[in-house]
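Values quoted throughout were computed directly from the atomic coordinates according to the rules given, and no laboratory measurement underlies them. Given the structure is predicted, the values throughout are model-derived calculations rather than measurements. A quick note on method: Cβ atoms are made from the backbone with ideal geometry, for glycine too, and the neighbour counts reach across all protein chains shown.
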Amino acid sequence: MMEENVPMDGNAAMGRLRDLFAVDLSNATVTCETCDREGPLAELLFYGGPVGVVLRCPACDAVNLRFLDTGRALNLDVRGLKRVRVGRTGA
């Protein structure tokens, strides 16, 4: 008997993930893990500079997103977000 859902490695998802990471995030909607506030990513509170960025929820001040550029790698931590939704233009 052949198994219908044979798992593959993460490389199989790269095309779909490229669809997400190659979009303008100014239209993204995010949901805070801590307080469930849903709103535009652009309304999160920005702290940081050229190397690192922290975005906090404007309702509860929880850290929603961390971004760090070490020069050798880009690091993205979204543990403070329950969901990120990016609408498609023209759809």
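A few comments on the model shown:
- Residue exposure sequence - PHE67, PHE46 - by fewest surrounding Cβ within 10 Å: PHE46, PHE67
- Annotation: amide H-H contacts under 5 Å for LEU65 (H modelled 1.01 Å from N, sequence separation of 5 or more, or interchain): LEU55.
- Karplus-derived 3J(HN,Hα) values for the stretch 48-53, using 6.51 cos²θ - 1.76 cosθ + 1.60 with θ = phi - 60°, are x, x, x, 9, x, 9 Hz; glycine and proline are entered as x.
- Proximal charge balance of ARG37 [Cβ under 12 Å; K/R count +1, D/E count -1]: -2
- With K and R counted +1 and D and E -1, the other residues having a Cβ less than 14 Å from that of LEU68 yield a net charge of +1.
- Distances between placed amide hydrogens fall under 5 Å for ARG37 paired with CYS32, all partners being 5 or more residues away or on another chain.
- Fully extending the segment from ASP61 to ASN5, taken as 0.36 nm per residue of separation minus the present Cα-Cα distance, adds 16.0 nm.
- Charge tally for GLY80 (other residues, Cβ to Cβ under 13 Å; Lys, Arg +1; Asp, Glu -1): +2.
- For the pair ASP69 and ARG83, label points projected 7 Å from Cα toward Cβ lie 3.1 nm apart.
- Choice from ASP61, ASP36, ASP19 with maximal GNM fluctuation in the chain (Cα, 10 Å cutoff): ASP19
- Here the Karplus curve 6.51 cos²θ - 1.76 cosθ + 1.60, taken at θ = phi - 60°, turns the phi angles of the stretch 31-43 into couplings of 10, 5, 5, 7, 10, 6, 4, 10, x, x, 4, 5, 8 Hz, with x standing for Gly and Pro.
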